[in-house]
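Accompanying notes for the structure given below.
The values are calculated or read from the model by the stated rules, or taken from the named source; none is laboratory data. The shown structure was predicted, so the numbers you read here are calculated from the model rather than taken from an experiment. Cβ atoms come from the backbone with ideal geometry, glycine included; neighbour counts cover every protein chain shown.
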Amino acid sequence: MPIIAHSDLPSFDVLRREGLAIVDASARNRDLRDLRIGLLNLMPDAALQATERQFMRLVSAYGDSANLFVIPFAVHADYRADIASEHIEHYYSTFSVLRETGLDALIITGANPVAEDITTESFWEPMIEVIEWGRTNVESVLCSCLATHAVMHHYHATPRAELPVRQWGVYPHATLVRDHPLLAGVEAPIHAPHSHRYAVSREDMERAGVTVLADSAEAGVHLAVDDSGSNFVLFQGHPEYDAISLLKEYKREVQRFLAGARQTYPLFPEHYFDAAAKRLLDAYQRQVTESDFEQATIPPFPEDELSPACVDTWRAAGMRIYSNWLAGIDRS
């Protein structure tokens with residue numbers, strides 16, 4: 001079923017040009033149920049609009065009898081600059097409005113926290129308010145990465161732990177509960193990107209009564225459900241990532257090194273670049289580290305040459321899980 005363009009949010013036009021089924025609200029099939037899905041977007045300004053589209057692509061996988069309204073909203077965060085704040089003001093709903101009008105489902109994105117203690121972040125208290133409301137007023141709440149850590153911290157007194165090194169790459173995950181409805185039709189192993197320095201382990205989740213559905217010996221928990229009196233779907237992996245998302249993260253880390261913001265040149269994301277891409281990137285590293293460049297004359301990162309080689313091996317599984325999630329909500 002299509003995503004319903006219920007506002008002039010620019011992402012609707014971008015997705016329509018990509019070929020996604022986007023239908024104006026006035027033209028939707030009124031014989032079908034309207035499924036209202038809130039999207040609390042906590043991502044930083046540079047990723048704000050891309051994040052809208054990433055989650056809408058996954059939601060679009062639900063092909064049953066419903067009109068899919070994805071309604072982005074935000075909460076106060078100190079890190080917003082004027083352009084992003086204006087985008088939110090013009091195109092987003094607000095939590096106060098959604099609390100009155102109601103939602104069938106809620107997605108809470110990850111975020112890029114500054115502090116080691118995430119409870120000190122400016123978005124923490126308003127995010128927790130949304131989570132608490134969603135727990136009792138929405139059929140199901142799907143949490144991504146930091147939002148998963150927030151649920152584990154707030155409801156289970158299980159804080160995230162810092163990893164020895166950043167977990168970064170694309171990893172296979174075993175399915176642990178094959179007959180769970182979220183995994184219907186999902187082939188194992190489930191490949192998914194990870195990108196985090198903090199995590200909650202399978203052991204800590206299970207100790208808290210959370211059911212782990214997909215786990216990797218190398219990367220840890222990808223997907224879990226907290227169904228002990230709640231309605232949370234918990235992701236630590238990132239099925240919403242685009243094929244080039246890890247490439248863009250790697251480029252950002254290289255640029256941070258070249259600007260002196262990090263001490264070491266970044267390692268490759270694991271299981272992501274092919275041999276030809278690695279050779280190109282190794283050559284670029286030698287070029288920029290073995291010669292003295294003024295900041296303004298540093299050779300450009302070869303993003304355009306690398307993008308075609310970045311292969312998405314995780315989207316199909318992610319879309320199936322999202323489709324199963326929404327089907328369960330639609331049947332409720």
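A compact table of results
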| read-out | value |
| --- | --- |
| Residues being free of Cβ contacts under 8 Å to residues at least 24 places away in the same chain and part of a loop (DSSP other than H, G, I, E, B) - total across segment 21-76 | 2 |
| Tally of residues being in contact with a His (Cβ under 9 Å, 6 or more places away or on another chain), assigned to a loop (DSSP other than H, G, I, E, B) and without any contact (Cβ under 8 Å) to a residue 12 or more places away in the chain across segment 1-20 | 0 |
| Qualifying residue in segment 298-313 (condition: closer than 30 Å to ILE3 by Cβ, in contact with a helix residue (DSSP H, G or I) (Cβ under 6 Å, 6 or more places away or on another chain) and among the β-branched types (Val, Ile, Thr)) | no |
| Whichever residue in segment 75-103 is among the polar types (S, T, N, Q) and loosely packed, with under 15 Cβ neighbours inside 10 Å and, among such residues, is nearest to PHE55 (Cα to Cα) | THR94 |
| Any chance LEU106 is surrounded by 13 or more Cβ atoms within 10 Å (Cβ to Cβ), part of a helix (DSSP H, G or I) and modelled with pLDDT of 95 or more | no |
| Flag if THR101 is among the polar types (S, T, N, Q), touching a residue at least 12 places away in the same chain (Cβ under 8 Å) and closer than 19 Å to SER7 by Cα | yes |
| Exclusive hit being in a strand (DSSP E or B) and either β-branched (Val, Ile, Thr) or crowded, with 18+ Cβ neighbours inside 10 Å (or both), set VAL151, VAL233 | VAL233 |
| Test for SER195: is it part of a loop (DSSP other than H, G, I, E, B) and among the polar types (S, T, N, Q) | no |
| Near pairs, Cβ below 7 angstrom, 6+ apart or cross-chain, from segment 242-262 (of a type in the set (Lys, Arg)) to any residue that is assigned to a loop (DSSP other than H, G, I, E, B) | LYS251/PHE301; ARG256/ARG262 |
| Cβ pairs under 7 Å, 6+ apart, first in segment 309-330 and on the phi < 0 side of the Ramachandran plot, second among the hydroxyl-bearing types (Ser, Thr, Tyr) and outside any helix (DSSP H, G or I) | TYR322/TYR62; SER323/TYR62; TRP325/SER140; LEU326/TYR62; ALA327/TYR62; ILE329/SER140 |
| Restricting segment 160-190 to residues that are without any contact (Cβ under 8 Å) to a residue 24 or more places away in the chain and either more than 28 Å from LYS248 (Cα to Cα) or in contact with a Gly (Cβ under 8 Å, 6 or more places away or on another chain) (or both), the residue that is surrounded by the fewest Cβ atoms within 10 Å (Cβ to Cβ) | ASP179 |
| Whichever residue in segment 236-269 is small (Gly, Ala, Ser) and in a loop (DSSP other than H, G, I, E, B) and, among such residues, is surrounded by the fewest Cβ atoms within 10 Å (Cβ to Cβ) | GLY260 |
| Positions within segment 1-34 being crowded, with 18+ Cβ neighbours inside 10 Å and of a type in the set (Lys, Arg), in sequence order | ARG28 |
| Selection count, segment 1-59, where residues are charged (D, E, K, R), closer than 19 Å to ASP312 by Cβ and over 21 Å from the mean Cα position of the chain (by Cα) | 1 |
